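Heads up: the structure comes next, in structure tokens.
Where a number appears in this text, it was derived from the coordinates with a stated rule and is not lab data. If you're wondering where the values come from, they're calculated on a predicted model, not measured in any experiment. Neighbour counts are summed over all protein chains in view; Cβ atoms, including those assigned to glycine, are modelled from backbone coordinates with ideal geometry.
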Amino acid sequence: MTASITPQPGILDIALYQSGESEIAGHADPLKLSANENPFGPSPAAMDAMATVLSESHRYPSTDHADLRKAIAQLHGLDADRIICGVGSDEVIHFLCQAYAGPGLEVLYTYHGFGMYRISALAAGATPVVAPETERRVDIDALIAAVTPVTRLIFIANPANPTATLLEISEIARLSDALPPECLLVLDGAYAEFADGYDGGAALVTVRDNIVMTRTFSKAYGLGGLRVGFGYGPRVVIDTLNRIRGPFNLSVIAVAGAKAAVGDQAWVNECIRVNAAERARLTGGLRQLGIACDDSHANFVLARFADEAEADAADAHLKSEGIIVRAPKSYGLPECLRITVGRPEDNSRVLDALASFRGAE
């Protein structure tokens, strides 16, 4: 008789995560604009710091990431004791579901929300619940209406991925005010650096006991391959998450690179400046071609076509030109293509390719 080995309920309902494509047949070195990576890469200071600690790879890293947390706290004006570091912000999201969700409980997010919310909810045995959006924007009233007595976590990406739209702080505060005391609001700030004047929700988190903020080094800092992120929240929540965090979840190299990146704000600020200018140019160029897009507050633009067929045709044309973008069909946006803002020459190449596509229609 064969033993029946089965996973916990919910796990087999998880579809394997699909990352942005990186290869095109027939193109040896395609232009990859599918994963919202920083086209300028990491800070030279971060690369130097990582190289320096390679010789220490036989040593275990610190268990509390104290130096990195202190650097993050000083940069953002936060309390270091209320910061937890993770393998990207994804791990912090996973910790939150593991600690506060579970069988019989619900995790709420919005229709176009980041795929990891559903994955982490199911992995914890919780029920994922989706609230509708309005014109690709988070609808606070719809979220409030979807809260039930068993809702424990609400995830909002702000700026949102893949729509790049932004909620006002006043709307976030209104949602926080409307939540029952047993429910946590999680602000996923992976793209917060690109939204001018936005602090990722840090000021709200500092004074409220029902909000957690997550941030990442994968986007503006150009350290996606390093996998470093952090969460900031009420001390009782962070203490809880640290109980399930692996003691050595970040490597010596990851901690050194992230800490040095925090210290090189000139580099990240220049990357953000170029992104803002090129984002405006890409947005304007798309609109001149008759391709709709909302104002973006991230490092990508969501281009909207007439329908799924036209989006597929545009995607195929871009691939024929050696350009990879993201088709966000799994996010309920089959008529769209998400285009990472690249270097000036990259964006010119995208606009030229789409102009030729429009001319061929």
Seminar exercise, completed: In whole percents, the bins of 5 Å from zero upward hold the Cα-Cα pairs of segment 210-258 as 5, 18, 25, 23, 18, 10, 1
Seminar exercise, completed: For Lys70, the lysines lying under 16 Å Cα to Cα, once residues fewer than eight places off in the same chain are dropped, come out as Lys259
Exercise. Under the rule of -39500 (n - 2.57) per DSSP H run of 4 or more residues, summed and divided by the residues of the chain, what mean residue ellipticity at 222 nm is obtained, to the nearest 500 deg cm²/dmol?
Worked result: -12000 deg cm²/dmol
Seminar exercise, completed: Here the residues of segment 201-235 lying in the modelled label zone of Ser170, meaning backbone nitrogen under 19 Å from a point 7 Å along Cα-to-Cβ, are 201-205
Problem set entry | Positive minus negative residues near Pro344 (Lys, Arg vs Asp, Glu; Cβ under 13 Å) | +1
Seminar exercise, completed: GNM on the chain, Cα springs under 10 Å; top mean-square fluctuation among Arg243, Arg338, Arg137 goes to Arg243
Problem set entry | Scaled radius of gyration (Cα, divided by 2.2 N^0.38 Å) that segment 44-263 gives | 1.00
For this session: List the DSSP H helices in the chain whose Cα atoms stretch 30 Å or more along the helix axis and whose mean Kyte-Doolittle hydropathy is at least -0.5.
Result: 265-288
Problem set entry | Förster radius 41 Å - calculated FRET efficiency between Leu289 and Thr6 (Cβ-Cβ, nearest 0.05) | 0.20
For this session: List the lysines whose Cα lies under 19 Å from the Cα of Lys329, skipping any in the same chain that are fewer than 8 positions away.
Result: Lys32, Lys319
Seminar exercise, completed: Ranked output for segments 106-117, 144-155, 209-220, 48-59 by mean other Cβ atoms within 10 Å, highest leading, reads 209-220, 106-117, 144-155, 48-59
